[in-house]
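Structure first, then comments.
Read the figures in this text as sums done on the coordinates, not as results from a lab. This structure is a prediction, so every number in the text was calculated from the model and none was measured. Don't worry about glycine lacking a Cβ; one is built from the backbone with ideal geometry, like all the others, and counts go over all protein chains shown.
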Amino acid sequence: MPGSPSSSAQAAREALAARLRDLRLDAELTVRELAVRAGWSHSKVSRIETGRTAPSPQDLRAWAEACGVPGQAADLADAQRAVEGMWVDWRRMERAGLRAAQESVRPLYERTHRFRIYDGWLIHGLLQTPAYTTALLHSVRRRRGLPVDDVEAAVAERVARQQVLRSQRTFAFLLEEAVLHSGIGGPAAMREQLWHLLTAAVQPNVSLGIIPAQPDRSSMRPVEDFMIFGQEQVAVELVSGYLTITQLREIAMYEQVFHELGRLAVYGEAARALIRRAITTLG
């Protein structure tokens, strides 16, 4: 499994390795004894147990059989797939183009009924105008050196995904005030985007909170952008990749952070006033 800067992904990897070690110990096998039963070198067993080597499905099946618990092989394989899916670097996610990356998350959006979204740098995709998205994705394509230019198709997919807003689903957005001044696409695109934000904010199933710039953020500093899908998972976008969190303990941590950030935000007319003020700065 490729290395990840995420402590969450690393913790999941180590948890699976510890589980395999526990199976060996429960079977009262030494590292060398398990290696002999599986037909491996003892160093391979050590690397798997310490998380330095990711086991393949065949390795997991051999491990379970060597420990006398072949019935656990399928569960171990499921756990390994979950670990591998936690961290995806952008090169892997976008290897088939930006449109494919956008399409890959549509099923998750469609099955989710409650969204909680925090953005500290950009207006979220569900609230973006086509011009804002176009400027943003062109920047992404240039920065990541993507050979395929399918920005137009990717923009169409992201806009189509916004249909979920016109449903019985509920959406709570928290934006740092700095997002209103990000300058994506230039003044004209930003002006259009901010007017659109004013319109989107009054939908009955949408809550929009703006966290005003303030001289002291000691109580709750800005954090990485994240999105909570119901109580199923959290998606975190980092510079180097896309992190999916599914452990209940960690989801609860993000829920708590969202709650605390929400206490700093202003809503309703106070939020709209900040948006209008940002529009005036564009001339």
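Taking all Cα pairs closer than 8 Å and separated by 6 or more residues, the relative contact order of the range 6-165 comes to 20 percent. Using every Cα-Cα pair within the chain, state what percent have a distance larger than 34 Å. Result: 33 percent of Cα pairs exceed 34 Å.
Count charges around Ile48 for me, please; just the other residues with Cβ under 12 Å from its Cβ, Lys/Arg as +1, Asp/Glu as -1. Neighbour charge sum, excluding Ile48 itself: +4.
Relative contact order, whole percent, for the range 94-280 stands at 27, derived from Cα pairs under 8 Å and 6 or more residues apart. For the pair Ala74 and Val239, a Förster radius of 35 Å applied to the C-beta separation gives a FRET efficiency near 0.45, rounded to the nearest 0.05. Net charge within 13 Å of Arg91 by Cβ-Cβ distance, Lys/Arg positive one each and Asp/Glu negative one each, not counting Arg91 itself? Around Arg91, the surrounding residues sum to +3. When the alpha carbon gyration tensor of the range 7-87 is reduced to an equivalent ellipsoid, the three semi-axes, largest first, read 20, 13, 11 Å. Once the Cα atoms are used to define both axes, helix 268-280 deviates from the longest principal axis of the chain by about 70 degrees.
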